[in-house]
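Only one structure is covered here, and it is reproduced in the block below.
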Amino acid sequence: LLLPEFFSYQAASDYGKQYFLSCAKQTTSLASINSTQLKNFPVLVPPIAEQKKIAEILTTWDEAIELLERTIGVKRKRKGLLMQKLLTGNTRSQLFQKEFWHTVKLGEVANIRRGASPRPIDNPDYFSKNGRGWVRISDVT
């Protein structure tokens, strides 16, 4: 007897992927296997109670990972909203409310050089203490 949940995890594991990739035909951007290859998959079958326990453990981990991924997504969204408020002056600390923000052109406060990362890349002169020394176009797009 083979539990579908157990088989699903085994087929998706490195063990299963290795088998399926070794016999897959790459015809387009999708790989395929035939029914004979699928039937010949060497399934490792522990006792049913052990299959249930393994599937239960892996399902618990999947649920925990999914919850963390959702939490990270929410936190990223919150950070984005907070950045929008803080970096535009819409939300201010009470310590700084009397000080006004002013607008300047970037070239007035930064040294703009060629459009590539500075060389040598490990030169500490290019980094601030927090590791920011330059802005790449990918940082703002």
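The table that follows gives values for the structure above.
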{"read-out": "3J(HN,Hα) from dihedral phi, region 44-56, Karplus parametrisation 6.51/-1.76/1.60, rounded to Hz, x for glycine, proline", "value": "8, 10, x, x, 4, 4, 6, 4, 4, 5, 4, 4, 5"}
{"read-out": "Whole-Hz couplings from phi, Karplus 6.51/-1.76/1.60, listed for region 74-87; x for Gly and Pro", "value": "5, 5, 5, 5, 4, 4, x, 5, 5, 4, 4, 6, 6, 7"}
{"read-out": "Among the listed pairs Lys17/Lys52; Lys25/Lys75; Lys25/Lys77; Lys79/Lys105, those beyond 30 Å (Cα-Cα)", "value": "Lys25/Lys75; Lys25/Lys77"}
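Just so you know, all these numbers are worked out from the coordinates, no wet-lab data involved. What you see is a predicted model, and the numbers here were worked out from it, not measured in a lab.
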